[in-house]
Amino acid sequence: MISSTGHDVKLVSPDRVKPFVKKGKKNDAVDAAAICLAATHPDTMFVPIKTEEQQGVLSLHSTRALLVKQQTMLSNALRALASEFGLIVPLGTSRLSELMAKVETSAGLPEVMKQSAASLFEQYEKVAQSIDALEAQIRVHAKSNEDARRLMTIPGVGPVTASLVVASVADIGSFASARHFAAWLGLVPRQYSTGGKTRLGRITKTGNRQIRMLLVLGATSMLHRAHQWKSAAGQWMCKLMEPRPKRLATVALANKMARIIWALLARKEIYRPTGCSVAAA
């Protein structure tokens, strides 16, 4: 709305403004002054403005993320309730039907407990159906978007991840390099450097948490298939896992996937399993 009136709109990330806020003061005037200082600082990086279409797609992802949390809560609540009466099944959402069958067929259980379990399972199924409907819309977006189709050629990147990246990154050119993009996702180690000595810690975990989580999940799925992943990345992954913990290797692969995403979006190319890129058709 503001840009349509002729103004040049620039968005500033809150973490860029926070260092300029006066300590011990919190009001609108202080916040406005801090925003002005941050906007005029030469090192400030502005957030690209998203289109209405991108915001609409992001609403699908945010709703899906919320429902997934609720689904996990309902699953844990149902398992905890059944375990109090000695009813346990293996992990996995597909086992909840088996758990409900045990609850319904077990003699001696209080009727109130059975009703409570049935209510939880009914709510769980409704949430699962809503998630399936949202994921169907996300897959449609991923298939219809050229950049999303390009990203889905990367092993470990599915429609949900590809769609979220395309909707979240308004302009890949705002990132100077692949490392800048990985740093924006919080997949680079935190530095504690002084006196010429460089110390690297854990990853920063800044930026877009949802994309980072999906990349780590995708890397985890590829971790178990690294020996069957016949490519340069697969060989690199196998060598990485030998002397290091699996979780560290998973995060390292997620970092590499983020850098590949930047390269494919910036160069308009597709991923080839041999580790090279070719021009997209």
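The values are calculated or read from the model by the stated rules, or taken from the named source; none is laboratory data. Since we're looking at a predicted model, the values are computed, not measured. No Cβ is skipped: glycine too gets one built from the backbone with ideal geometry, and neighbour counts run over all protein chains shown. The accessibility values were calculated without ligands, DNA or RNA, using every heavy atom of the protein model including side chains. Shrake-Rupley method; radii C 1.70, N 1.55, O 1.52, S 1.80 Å.
Every listed requirement among (1) open to solvent by 50 Å² or more (accessible area, probe 1.4 Å); (2) outside any strand (DSSP E or B); (3) at pLDDT below 90 is met by A170 save one, (1). Restricting S163, S168, S174, S94 to residues that are hydroxyl-bearing (S, T, Y) and not assigned by the TED database to the domain that holds V251 narrows the list to S94.
Taken across region 175-188, residues that are in contact (Cβ under 8 Å) with a residue 60 or more places away in the chain, surrounded by fewer than 18 Cβ atoms within 10 Å (Cβ to Cβ), in a loop (DSSP other than H, G, I, E, B) and of a type in the set (S, T, N, Q) do occur, with at least one present. Looking only at region 226-237, filter to residues that are open to solvent by less than 30 Å² (accessible area, probe 1.4 Å) and out of contact with any Cys (no Cβ under 8 Å at 6 or more places or on another chain); which one of those is farthest from M257 (Cα to Cα)? Once the filter is applied, the top-ranked residue is S231. In region 49-59, the residue that is modelled with the lowest pLDDT out of those that are within 19 Å of the chain's Cα centre (by Cα) and within 25 Å of A176 (Cβ to Cβ) is K50. Scanning region 75-100 for residues that are open to solvent by less than 60 Å² (accessible area, probe 1.4 Å) and touching a residue at least 12 places away in the same chain (Cβ under 8 Å) gives S75, A77, L78, R79, L81, A82, L87, V89, L96, L99, M100. Being farther than 30 Å from D147 by Cα and surrounded by 16 or more Cβ atoms within 10 Å (Cβ to Cβ) is the requirement here; does L60 meet it? In short, no. When region 190-206 is limited to residues that are under 29 Å from A148 (Cβ atoms) and surrounded by fewer than 18 Cβ atoms within 10 Å (Cβ to Cβ), the one that is farthest from the chain's Cα centre (by Cα) turns out to be T204. Only one of the listed residues (A279, A226, A233, A183) is among the small types (G, A, S) and modelled with pLDDT of 85 or more. That residue is A183. Listed conditions (1) outside any helix (DSSP H, G or I); (2) touching a residue at least 40 places away in the same chain (Cβ under 8 Å) are all met by D8, apart from (2). Being open to solvent by 50 Å² or more (accessible area, probe 1.4 Å) and in a helix (DSSP H, G or I) is the filter here, so list the residues in region 34-57 that pass it. I35, C36, L37, T40, E52, E53, Q55 - these are the residues of region 34-57 that are open to solvent by 50 Å² or more (accessible area, probe 1.4 Å) and in a helix (DSSP H, G or I).
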